[in-house]
Amino acid sequence: MIPLLLKVVRTGIVTEPSPGAMAEWRRESAAIGQEILGLLGRALVIRQVDAGSCNGCELEIHALNNPYYNIEGLGIRFAASPRHADMLLVTGPVSKNMEHALRIAYEAMPDPKLVVAVGDCGRDGGIFGEGYATCGGVSRVIPVDVTVPGCPPPPAAILQGLLAALAARPERTMAAGNP
């Protein structure tokens, strides 16, 4: 027991620092919400697909729904069906078993379509690479608009990637008022 306590004292606090001023985040979140409304005219709807990841990226995506980030309050929500989605958020290297399912989800989405690949695995296959069980990165299966690097990327980086996908493809996003 004593060696364990000594290790704890030597290591110190290893958690991340507490968030900065919440007032700044609230101002930024209001601007983000207005930007989404200006680009789409409504909430951004995302269909998230795990194409074979280790679930590290999914944990960070789930953190976006916690009270600190509160992406639902920003006008971003998740849908169970790709038919209702504006954006496909894909994690992991695409396994051979998920290749066809990912194509089906992409084709089921209404136009205009946005695709964001999350994590190093989604970008280029990461530590899994391309092999007998994986196709590699998401871009080898469907077109990708934005990649969010990291293993796993923090929630703020994922949020930046979502907004970058909206901003980078204005010709493919819907104008306000169009269904």
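The values are calculated or read from the model by the stated rules, or taken from the named source; none is laboratory data. Because the structure is a prediction, the values reported are computed rather than measured. All Cβ positions, even for glycine, are placed from backbone atoms using ideal geometry, and neighbour counts span all protein chains on display.
Assorted remarks:
- Residues of the range 89-127 that are in a strand (DSSP E or B) and among the aliphatic types (A, V, I, L, M): L89, V90, V94, L114, V115, V116, A117, V118.
- Selection within the range 97-127 - loosely packed, with under 15 Cβ neighbours inside 10 Å and at pLDDT below 90: P110, D111, P112, I127
- Beta carbons closer than 6 Å, at least 6 apart along the sequence or on distinct chains, pair a first residue in the range 88-103 that is on the phi > 0 side of the Ramachandran plot with a second that is in a helix (DSSP H, G or I) for G92/C121.
- Residue within the range 56-69 that is more than 18 Å from L163 (Cα to Cα) and in a strand (DSSP E or B) present: no
- Candidate set: the range 46-72, residues that are of a type in the set (A, V, I, L, M, F, W, C) and surrounded by 18 or more Cβ atoms within 10 Å (Cβ to Cβ); chosen: the one modelled with the lowest pLDDT: I71
So that you can scan it fast, the table gives a plain yes or no per residue for (1) of a type in the set (A, V, I, L, M, F, W, C); (2) closer than 24 Å to L163 by Cβ:
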site	(1), (2)
P93	no, no
K96	no, no
L102	yes, yes
Y106	no, yes
P110	no, yes
V116	yes, yes
D124	no, yes
Y132	no, no
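- Complete set of residues in the range 128-144 that are in contact with a Pro (Cβ under 8 Å, 6 or more places away or on another chain), part of a loop (DSSP other than H, G, I, E, B) and surrounded by 15 or more Cβ atoms within 10 Å (Cβ to Cβ): F128, G137
- Some residue of the range 104-118 being in contact (Cβ under 8 Å) with a residue 60 or more places away in the chain and under 14 Å from the mean Cα position of the chain (by Cα): yes
- Flag if S81 is closer than 21 Å to Q160 by Cβ and touching a strand residue (DSSP E or B) at 6+ places or on another chain (Cβ under 9 Å): no
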